[in-house]
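I have placed the structure first, in the form of structure tokens, so that the comments after it can refer back to it.
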Amino acid sequence: MGKYFGTDGFRGEANVNLTVEHAFKVGRYIGYYYGRGHKARIVIGKDTRLSSYMFEYALSAGLTASGADVYLLHVTSTPSVAYVTRTEDFDCGIMISASHNPYYDNGIKLINGNGEKMSDDVTNQVEKYIDGELPEAPYATRDRIGRTIDYSAGRNRYIGYLISLARHSFKGVKVGLDCANGSTWMIAKSVFEALGAQTYVINNSPDGVNINTNCGSTHIENLQKFVKENGLDVGFAYDGDADRCLAVDEKGNLIDGDQILYIYGVYMKKRDKLTTNTVVSTIMSNYGLGVALKAAGIDWMQTQVGDRFVYECMRQGGHLLGGEESGHIIFSKYATTGDGVLTSIKVMQAMLDQKLPLSKLAEPIVLYPKVLKNVRVKDKNAAVNNPAVQAAYEQAQKELEGLGRALLRKSGTEPVVRVMVEAQDKAVCEKYVNQIVEVMKAEELIAE
């Protein structure tokens, strides 16, 4: 990760550590970088945060000042920007969103011409430009100055694409949608109603400050209650920029990203569509996912945390299904990033094809109890590499072999070490987590 750009873009509190000046400079450099030799075409989308308009204007000013033409999708989802970028010959896409974060945060996600997250080589150059370590990009003049173009038609084409992927009518199915007062507030309802579902929608009235506030995939309990009270067949909850989806079965139970990976992986295998016989997830996926996939005869690959690493593994290995527990699910045949609405359509397909409720499809996967402690330390590198801590960690792994697992990892953004154990008994999880944390205390690694 760089100084500004992490695994999911440049993120921070609006006008605190992500300012309009930052956005302008990002636009200036990206417009220059892609405009060498031709007039660059850049597409921009945004979520419903109050500050998203401000950043849209700042980015547009920087881009057009460098000579790029800017196409505005307006309020839309991250996967729609990726789709439009790769299918309509844009040099680059930009999404303004902080995903599941509160409204006062925002972010700038850069997407390359293939609809994939921008490489570190390019974002490192953007960072150097922001910090004045590269020469000033030349300003466009006269007829070389860029323009902004309303491009809501691109978002509509994306909606049409989603509708085209459904193999069944949803007629007669009662579906609940929690739009998190974010990017899907119009998109999701349009798709499900076009497919014939009886659609019940909550949290689809964005006001700039209510995105992700007690709603969406980070507050799934609201949709669980809504599904039960209204006797719905299934529910889907998205995050602010709609690259995540969590589901709720007809009984009101949460179906998380790991369970969705299992359900759809087994469904693909039954139809001989899981061509590499592999499902990809991160190291944070539940141990129970691996147990269930093994029982189904499916291989399981794990990557470091971040959906960009899941996608890279899938791309290199030709794998068709991957994702994260949080609900970033990637169907690489259809998309280059997690897509919440696409995930909803695919879950519906698995239910309708097999004529089974979601609860029945999820029955074979048993998620193991988990205990996770975030330990604030003086130096996270010293803490994870401490010999005594490593010895305690390795001992836990050895004793849990075949019964669960232990995980010790550094936070990417904070002076924090995450200690996690999964096992069939929560008391066992507590025991091993506490053993490792106690060693960290004895070694005087923990911050006061």
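Are there GluC sites (Glu not before Pro) in region 368-424 that DSSP puts in a loop and that have at most 16 other Cβ atoms within 10 Å, and which ones? The partial results should precede the final answer.
Working: sites: E394, E399, E401, E422; in loops: E401.
For GluC sites (Glu not before Pro) across region 368-424 that sit outside H, G, I, E and B with at most 16 neighbouring Cβ atoms in 10 Å, the list reads E401.
Which whole-number percent gives the relative contact order of the chain, counting Cα pairs below 8 Å spaced six or more residues apart? Can you show the working numbers first?
Details: 1009 pairs, mean separation 53.0, N = 448.
Across the chain, relative contact order equals 12 percent.
Suppose we keep just the DSSP beta bridges with both residues in the chain; what percent of those would be antiparallel, to 5? The partial results should precede the final answer.
Details: 36 of 68 bridges.
For the chain, the DSSP antiparallel bridge percentage is about 55.
What are the ³J(HN,Hα) values, in whole Hz, obtained from phi via the Karplus relation 6.51 cos²θ - 1.76 cosθ + 1.60 with θ = phi - 60°, for each residue of region 167-174 in sequence order, with x given for Gly and Pro?
My calculation for region 167-174 gives 8, 9, 6, 9, 4, x, 8, 8 Hz in order.
Rank A382, A350, A188 by mean-square fluctuation in a GNM of the chain with C-alpha springs under 10 angstrom and give only the top-ranked residue.
Of A382, A350, A188, the most mobile in the Gaussian network model is A382.
Counting only residues 5 or more places away or on other chains, whose amide H sits under 5 Å from the amide H of V377 once H atoms are built in the peptide plane?
V416, V417, A447
Just list whichever of K370/K441; K174/K251; K269/K360; K225/K373 have alpha carbons separated by over 24 Å in the model shown.
On the way: K370/K441 22 Å; K174/K251 13 Å; K269/K360 17 Å; K225/K373 28 Å.
Exceeds cut-off: K225/K373.
Give the lysines whose C-alpha is closer than 18 Å to that of K128, dropping any in the same chain fewer than 8 places away, or say none.
K3, K25, K109
Take the alpha carbon gyration tensor of region 329-379, find the square roots of its eigenvalues, order them as a ≥ b ≥ c, and report rounded if a/c is under 1.5; if not, report prolate when a/b exceeds b/c, else oblate. Display every interim value, and only then the final one.
On the way: a/c = 4.39, a/b = 1.61, b/c = 2.73.
Because a/c hits 1.5 or more and a/b fails to exceed b/c, region 329-379 counts as oblate.
Using θ = phi - 60° and the Karplus curve 6.51 cos²θ - 1.76 cosθ + 1.60, what whole-Hz ³J(HN,Hα) does each residue of region 136-146 get, with Gly and Pro shown as x?
For region 136-146, the Karplus curve yields 4, 5, x, 7, 6, 10, 6, 7, 8, 4, x Hz.
What is the order of I30, I130, I149, fewest Cβ neighbours within 10 Å to most? If you can, show how the numbers build up before the last one.
Numbers: I30 28, I130 20, I149 11.
Starting with the residue having the fewest Cβ neighbours, the order is I149, I130, I30.
Just to check I understand the Karplus step: with θ = phi - 60° and J = 6.51 cos²θ - 1.76 cosθ + 1.60, what whole-Hz values come out for region 426-438, glycine and proline as x?
Calculated HN-Hα couplings, in order: 5, 4, 5, 4, 4, 4, 6, 4, 5, 4, 5, 5, 4 Hz.
Relative to the compact-globule scaling 2.2 N^0.38 Å, provide the ratio for the alpha-carbon radius of gyration of region 370-442. Write down the numbers at each step before the final one.
Values: Rg = 11.5 Å, N = 73, 2.2 N^0.38 = 11.2 Å.
Output field value: 1.02.
Going by C-beta contacts inside 10 Å, put Y83, Y393 in order with the fewest on the left.
On the way: Y83 27, Y393 20.
Final ranking by Cβ density, sparse to dense: Y393, Y83.
Calculate for the chain the 222 nm mean residue ellipticity that helices alone would give, adding -39,500 (n - 2.57) per DSSP H run of length 4 or more and normalising by residue count, nearest 500 deg cm²/dmol.
Values: 15 runs with 178 residues, N = 448.
That calculation yields -12500 deg cm²/dmol at 222 nm.
Report the residue, chosen from N374, N253, N214, that carries the largest GNM mean-square fluctuation when the chain is represented by alpha-carbon nodes joined by springs under 10 Å.
Residue with maximal mean-square fluctuation among N374, N253, N214: N374.
Could you work out the equivalent-ellipsoid semi-axes for region 146-223, taking the square root of 5 times each eigenvalue of the Cα gyration tensor, largest first, in whole Å?
On the way: eigenvalues 103, 92, 13 Å².
They are 23, 21, 8 Å, listed from largest to smallest.
For region 5-153, what does the convex hull of the Cα positions come to per residue, in cubic angstrom?
Working: hull volume 14.9 nm³, N = 149.
Hull volume over Cα atoms, normalised by residue count, gives 100 Å³.
How do S169, S52 line up, fewest other C-beta atoms within 10 Å first? The partial results should precede the final answer.
Working: S169 11, S52 26.
Ascending number of Cβ neighbours within 10 Å: S169, S52.
A short reminder: the numbers here are calculations on the coordinates, not readings from a lab. Since the model is a prediction, treat every value here as computed from it, not as a measurement. Cβ sites come from the backbone with ideal geometry, for glycine too, and all protein chains shown count toward neighbours.
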